[in-house]
1. Return the residue satisfying two criteria in turn: it lies in the stretch 307-322 and is buried (at least 17 other Cβ atoms within 10 Å of the Cβ) and assigned to a helix (DSSP H, G or I), and of such residues it is farthest from the chain's Cα centre (by Cα).
2. Quick one: residue 217 ticks every box in (1) more than 24 Å from the chain's Cα centre (by Cα); (2) buried (at least 16 other Cβ atoms within 10 Å of the Cβ) except a single one, so which number is it?
3. I'd like to verify a number: residues in the stretch 19-50 that are within 19 Å of residue 156 (Cα to Cα) and of a type in the set (Phe, Trp, Tyr), how many?
4. Pull out all pairs, ordered by first then second residue, where Cβ-Cβ is under 6 Å, the residues are six or more apart or on different chains, the first lies in the stretch 179-195 and is under 12 Å from residue 159 (Cα atoms), and the second is assigned to a helix (DSSP H, G or I) and of a type in the set (Phe, Trp, Tyr).
5. Give 153, 191 a once-over and let me know the one that is in the same structural domain as residue 89 (by TED's automatic domain parsing) and buried (at least 24 other Cβ atoms within 10 Å of the Cβ).
6. Inside the stretch 242-255, can you point out the residues that are within 13 Å of residue 225 (Cα to Cα) and either aliphatic (A, V, I, L, M) or surrounded by 19 or more Cβ atoms within 10 Å (Cβ to Cβ) (or both)?
7. Would you point out which residue out of 38, 89, 97 is among the hydrophobic types (A, V, I, L, M, F, W, C) and surrounded by fewer than 21 Cβ atoms within 10 Å (Cβ to Cβ)?
8. May I ask you to verify whether residue 279 is of a type in the set (Val, Ile, Thr) and either touching a strand residue (DSSP E or B) at 6+ places or on another chain (Cβ under 7 Å) or in contact (Cβ under 8 Å) with a residue 40 or more places away in the chain (or both)?
Amino acid sequence: MLKSYGYAAYNPQTPLRSFHFERRQPGPTDVLIQILYCGVCHSDLHQARNEWKASTFPIVPGHEIVGKVIEVGSAVSSFKLGDLAGVGCMVDSCGVCPDCQDHQEQFCEQTVFTYNSPDKHSGKVTYGGYSNQIVVDQNFVLHVSAKLDPAAVAPLLCAGITTYSPLRHWKVGKGQKVGIVGLGGLGHMGVKFAHAFGAEVVLFTTSPDKEADARRLGADEVVISKDPEQMAQHLRSFDFILNTVAAPHDLDQYLSLLKRDGTMCLVGMPDQPHPSPNVGNLIAQRRALAGSLIGGIKETQEMLDFCAEHNIVSDIELIAMPAINDAFQRMLKSDVKYRFVIDMATLQG
């Protein structure tokens with residue numbers, strides 16, 4: 001077994017602190033990655049505090065991982081020593097179900113997530129990227145272009161693909177009017193991608209002071225969602241709305257902005273249900289309310305390649321590992337532009 005170390009939540013009440021643990025030795029199809037950077041996702045906080053009531057402690061969070069390949073198994077053909085590599089939200093799946101065969105591993109009933117998931121190899125749980133190294137099957141490791149800042153690439157492995165996937169699935173592009181609700185870790189990537197796809201992009205926010213940033217990121221217009229007059233100017237005008245806000249809120253105010261046959265897709269995961277929308281708001285214009293998870297491995301690699309081609313990365317604040325508990329507190333206050341990333345050079349064994 002490989003002696004490893006990182007930061008873990010030992011229970012929902014206490015701060016994350018140093019943790020030593022073991023990872024498996026790399027097998028024939030495995031890649032051993034020295035973790036250089038790990039993004040901080042809001043789901044890390046949810047799971048560390050057991051807000052989804054499914055955490056197994058101690059828990060090592062982190063599923064936005066970029067690192068350097070330092071060992072490969074004898075049957076590995078996709079990676080070599082020294083390669084930059086990424087690991088996102090998944091590290092395994094069954095490989096044979098219809099979802100896996102369609103390259104939609106995120107929907108497989110046996111998906112193994114990067115942390116806090118049953119580990120087929122150890123019989124325990126998986127440990128994530130708030131650590132010095134990780135062992136992953138080559139089929140769940142992604143190529144990262146050296147053209148991009150590796151620290152700013154890390155959040156693409158969750159925030160990036162979470163927004164890229166629905167925009168691609170609903171074929172967002174030129175000639176369409178697209179709304180992005182919320183300008184946080186997910187929303188800022190939604191704006192960047194929708195703009196890069198050629199759509200007219202409107203950012204919805206409750207914070208007027210975010211307008212300059214939204215326009216810098218690619219928004220053509222900014223609407224203050226708590227202003228009824230501004231909202232009314234956009235009734236029945238959107239082809240697609242990507243709603244990134246996780247806190248429970250009124251969905252009807254956005255559904256009414258959709259054209260006939262328009263879709264609003266939710267990607268924020270609330271810890272409590274949203275108020276139920278008015279069904280008439282859907283029926284009257286054949287509108288759709290949908291949801292989306294991350295993307296499969298194939299689509300995630302497509303996203304990373306697209307980002308390399310178009311020079312797209314996340315806007316980040318680089319932090320030291322011991323600052324993670326402060327970062328969690330700041331994240332609760334939305335005090336980050338727009339994603340924390342841990343510099344693993346600051347992790348002490």
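1. Filtering the stretch 307-322 down to residues buried (at least 17 other Cβ atoms within 10 Å of the Cβ) leaves 307-308, 312-316, 319, 321.
Adding the requirement that they be assigned to a helix (DSSP H, G or I) leaves 307-308, 321.
Numbers: 307: 15, 308: 18, 321: 20 Å.
Step by step, filter the stretch 307-322, then rank; the result is 321.
2. With (1) more than 24 Å from the chain's Cα centre (by Cα); (2) buried (at least 16 other Cβ atoms within 10 Å of the Cβ) applied to residue 217, the lone miss is (1).
3. Step one: of the stretch 19-50, the residues within 19 Å of residue 156 (Cα to Cα) are 33-45.
Of the ones still in play, those that are also of a type in the set (Phe, Trp, Tyr) are 37.
The qualifying residues number 1.
4. 193/164
5. On the way: 191 fails: in the same structural domain as residue 89 (by TED's automatic domain parsing).
Result: 153 is the single residue among 153, 191 that is in the same structural domain as residue 89 (by TED's automatic domain parsing) and buried (at least 24 other Cβ atoms within 10 Å of the Cβ).
6. Keep residues of the stretch 242-255 that are within 13 Å of residue 225 (Cα to Cα), which gives 243, 245, 249-255.
The answer is 243, 245, 251, 254, 255.
7. On the way: 38 fails: surrounded by fewer than 21 Cβ atoms within 10 Å (Cβ to Cβ); 89 fails: surrounded by fewer than 21 Cβ atoms within 10 Å (Cβ to Cβ).
Exactly one of 38, 89, 97 is among the hydrophobic types (A, V, I, L, M, F, W, C) and surrounded by fewer than 21 Cβ atoms within 10 Å (Cβ to Cβ), namely 97.
8. Values: of a type in the set (Val, Ile, Thr): yes; either touching a strand residue (DSSP E or B) at 6+ places or on another chain (Cβ under 7 Å) or in contact (Cβ under 8 Å) with a residue 40 or more places away in the chain (or both): no.
No; evaluated as a whole, the condition is false for this residue.
The values are calculated or read from the model by the stated rules, or taken from the named source; none is laboratory data. This is a predicted model, so every value here is computed, not measured. Quick reminder, even Gly has a Cβ in these numbers, built from the backbone with ideal geometry, and neighbours come from all protein chains shown.
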